[in-house]
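The values are calculated or read from the model by the stated rules, or taken from the named source; none is laboratory data. Keep in mind the model is a prediction, meaning the values are calculated, not measured. We place every Cβ from the backbone using ideal geometry, glycine too, and count neighbours over all the protein chains shown. The area values use the complete protein model at the heavy-atom level, side chains included, leaving out ligands, DNA and RNA. Shrake-Rupley method; radii C 1.70, N 1.55, O 1.52, S 1.80 Å.
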Amino acid sequence: MFTQAESLRAEYADLERRMADPATHADTALSRKVGRRYAELTGVVKALNEHEALTADLDAARELAADDADFAAEADALEQRLAVASEKLAELLAPRDPHDSSDALLEIKSGEGGEESALFAGDLFRMYAKYAETRGWKVEVLDSTETDLGGVKSLTMAVKGPASAGPDASPYGVLKFEGGVHRVQRVPVTETQGRIHTSAAGVLVMPDVADDADIEVSEDDLRVDVYRSSGKGGQGVNTTDSAVRLTHLPTGLVVTCQNERSQLQNKASALRILKARLVALAEEQAAAEASSARKSQVRTVDRSERIRTYNFPENRIADHRIGYKAHNLDAVLGGDLSGVVDALQAADLAERLGAAGA
């Protein structure tokens with residue numbers, strides 16, 4: 001488990017040097033990337049140092065225990081502390097997604113259920129926005145299409161956290177478990193007979209790789225179309241052709257953006273989303289090729305997989321992947337996602353530790 005200790009320490013020392021270099025901070029994207037990796041490794045190196053110190057102390061106590069009973073008692077206490085330190089270090093070193101320290105892009109789309117589905121998609125957007133606020137993250141809506149009743153046909157939002165956040169506290173590392181179909185059971189505002197309807201909305205969570213220089217999109221692979229932005233119900237809200245549609249010719253992926261007033265700004269946002277979709281597509285293909293034993297129980301980039309139900313009559317939320325249930329739906333939709341997020345992260349950790357020990 002600790003064979004990579006020296007390489008991690010060497011990387012950490014190199015990151016410290018780069019953090020002290022003014023040239024690093026002159027490049028905002030590079031500074032953020034280096035800062036995030038530094039924050040990620042800080043806890044690992046600290047845990048490594050603690051483990052090695054406890055191991056050395058335990059060895060010394062055992063040597064002296066034969067001549068002094070006090071050292072025997074100390075050895076017992078050190079063994080307990082070392083067991084805790086070993087468990088903590090194993091968790092930190094367990095294989096994880098390389099994008100866990102990244103910011104996130106979320107796409108929310110209405111699905112089955114017409115206007116009610118669009119209203120629920122709007123509820124999901126507000127839920128994530130409020131949750132982001134509780135964690136001190138910033139939310140930016142890159143593109144959205146609303147309905148006449150205030151629902152959301154489709155919406156793409158960026159969630160940005162501080163560079164000092166570790167992988168378990170960064171937007172993508174936390175929100176990646178939200179990808180899939182979210183189903184709602186309630187009486188819609190459009191229902192006149194008081195009947196409970198079931199509808200759904202899809203969520204796709206992607207790492208925000210806009211600043212990653214390793215991910216490039218050639219202009220030759222793009223078809224760029226511009227058109228006039230529109231508002232609710234198709235009503236024109238812009239008198240210039242500022243909306244942008246990007247088509248990635250090799251994959252057929254299509255991204256549209258119309259929220260900004262400038263064509264250049266919309267193109268930049270569309271390219272940012274396209275890069276994230278390309279990463280998600282590559283991960284989805286890799287997951288499809290992997291054996292069932294390697295597929296994650298709690299995370300998916302497949303928007304067709306039903307992951308959660310929001311039952312309004314029972315004030316209940318249920319996550320079907322891990323059997324999580326709670327009767328605090330009102331609080332969850334108000335942004336209190338901590339319970340289900342903690343449960344999903346715990347299940348993911350157990351899965352990664354199991355894979356590491358296999």
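If you check His25 against the conditions, is it over 28 Å from Glu351 (Cα atoms) and in contact with a Ser or Thr (Cβ under 7 Å, 6 or more places away or on another chain)? Don't jump to the end; show me each part of the working.
Values: over 28 Å from Glu351 (Cα atoms): yes; in contact with a Ser or Thr (Cβ under 7 Å, 6 or more places away or on another chain): yes.
Judged against the criteria, His25 is a match.
Could you identify the single residue in Leu78, Leu106, Leu30 that is under 24 Å from Asp212 (Cβ atoms) and either modelled with pLDDT of 90 or more or of a type in the set (Ser, Thr, Tyr) (or both)?
Values: Leu78 fails: under 24 Å from Asp212 (Cβ atoms); Leu30 fails: either modelled with pLDDT of 90 or more or of a type in the set (Ser, Thr, Tyr) (or both).
Result: Leu106 is the single residue among Leu78, Leu106, Leu30 that is under 24 Å from Asp212 (Cβ atoms) and either modelled with pLDDT of 90 or more or of a type in the set (Ser, Thr, Tyr) (or both).
Select from the range 249-307 the residues that are at pLDDT 90 or above, more than 24 Å from Asp212 (Cα to Cα) and open to solvent by 70 Å² or more (accessible area, probe 1.4 Å) and list them in ascending order.
Arg306
Return yes when Gly339 is touching a residue at least 40 places away in the same chain (Cβ under 8 Å), surrounded by fewer than 16 Cβ atoms within 10 Å (Cβ to Cβ) and either in contact with a helix residue (DSSP H, G or I) (Cβ under 6 Å, 6 or more places away or on another chain) or not acidic (Asp, Glu) (or both) and no when it is not.
The answer is no for Gly339.
Select the helices (runs of 4 or more DSSP H) contained entirely in the range 21-121, then report the ones holding at least 3 residues which are open to solvent by less than 80 Å² (accessible area, probe 1.4 Å) and among the hydrophobic types (A, V, I, L, M, F, W, C). Break it down into steps so the answer makes sense when it comes.
Numbers: elements: 22-26, 28-65, 69-93.
Those helices (runs of 4 or more DSSP H) span 28-65, 69-93.
Going residue by residue through the range 145-162, is there one that turns out to be out of contact with any Ser or Thr (no Cβ under 8 Å at 6 or more places or on another chain), modelled with pLDDT of 90 or more, more than 23 Å from Thr256 (Cβ to Cβ) and among the basic types (Lys, Arg)?
no
Quick check on Leu78: is it under 26 Å from the mean Cα position of the chain (by Cα) and of a type in the set (A, V, I, L, M)? Give the derivation first.
Values: under 26 Å from the mean Cα position of the chain (by Cα): no; of a type in the set (A, V, I, L, M): yes.
For Leu78, the condition - under 26 Å from the mean Cα position of the chain (by Cα) and of a type in the set (A, V, I, L, M) - is not met.
Are there any pairs with C-beta distances below 8 angstrom linking a residue in the range 119-138 that is touching a residue at least 24 places away in the same chain (Cβ under 8 Å) to a residue that is among the acidic types (Asp, Glu), with the two at least 6 apart or on different chains, and if so which?
These pairs meet every condition: Gly122/Glu146; Tyr128/Glu178; Tyr131/Asp336; Thr134/Asp336.
For residues in the range 122-168 being outside any strand (DSSP E or B) and hydroxyl-bearing (Ser, Thr, Tyr), which is nearest to Val184 (Cα to Cα)?
Quick first cut of the range 122-168, residues outside any strand (DSSP E or B) only: 122-137, 147-151, 161-168.
Narrowing further to those that are hydroxyl-bearing (Ser, Thr, Tyr): 128, 131, 134, 147, 164.
Numbers: Tyr128: 16, Tyr131: 19, Thr134: 24, Thr147: 18, Ser164: 36 Å.
Step by step, filter the range 122-168, then rank; the result is Tyr128.
Scanning the range 186-210 for residues that are at pLDDT below 90 and charged (D, E, K, R), which turns out surrounded by the fewest Cβ atoms within 10 Å (Cβ to Cβ)?
Arg195
So, in the range 1-15, how many residues would count as being farther than 24 Å from Tyr172 by Cα and surrounded by 15 or more Cβ atoms within 10 Å (Cβ to Cβ)? Please lay out each step first, then the result.
Taking the range 1-15 and keeping what is farther than 24 Å from Tyr172 by Cα, we get 1-7, 9-10, 13-14.
Retained after the next criterion (residues that are surrounded by 15 or more Cβ atoms within 10 Å (Cβ to Cβ)): 5, 9.
Number of matching residues: 2.
Is it true that Arg62 is within 29 Å of Ala347 (Cα to Cα) and touching a residue at least 12 places away in the same chain (Cβ under 8 Å)?
Working: within 29 Å of Ala347 (Cα to Cα): no; touching a residue at least 12 places away in the same chain (Cβ under 8 Å): yes.
So Arg62 fails the test.
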